[in-house]
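Q: This is the structure I want to talk about, given as structure tokens.
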Amino acid sequence: SLLTKSHLVLCVGTIGALVIWIAQLADLTAIGSVSSWKLHCLISDGVPQLVFSLVLLLCMSVWWPSETTLGYSYEQQVQDEEGQPIGAVWNDDALDESAGDVGKDMQVAE
């Protein structure tokens, strides 16, 4: 399912971030010989950008428009015959801060 694929991409990104974090902590190019300075930008900038791009591409491929993702779209709120929304409606006009009753501001449409 779409949720399972999204969780898998998130897990791949998290594991990749942890591996990069450990590689940056144990960066041998920063404390090693001067001849390895050319690889320092690869560890500090290149690999994190590569993992980010990989996760971004995976997310884009998971959420690519298809028959299964058609249900994730905006829908108008259902209204009754009088044009009132069905369900709980927040009433800003009935706010009374001095009463302190939290639940009184919610009204259920009939």
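Q: Please specify each residue of segment 1-19 satisfying the condition of being part of a helix (DSSP H, G or I), loosely packed, with under 11 Cβ neighbours inside 10 Å and at pLDDT below 90.
A: Here is the first cut: in segment 1-19, the ones part of a helix (DSSP H, G or I) are 2-19.
Filter again for loosely packed, with under 11 Cβ neighbours inside 10 Å, leaving 3-4, 11, 18.
Selection gives Leu3, Thr4.
Q: Turning to a different aspect of this structure: Does Ile22 meet the test of being loosely packed, with under 11 Cβ neighbours inside 10 Å, at pLDDT 65 or above and of a type in the set (Val, Ile, Thr)? Please lay out each step first, then the result.
A: Details: loosely packed, with under 11 Cβ neighbours inside 10 Å: yes; at pLDDT 65 or above: yes; of a type in the set (Val, Ile, Thr): yes.
Judged against the criteria, Ile22 is a match.
The values are calculated or read from the model by the stated rules, or taken from the named source; none is laboratory data. Every value quoted in this text rests on a predicted model; they were computed, and no experiment measured them. We place every Cβ from the backbone using ideal geometry, glycine too, and count neighbours over all the protein chains shown.
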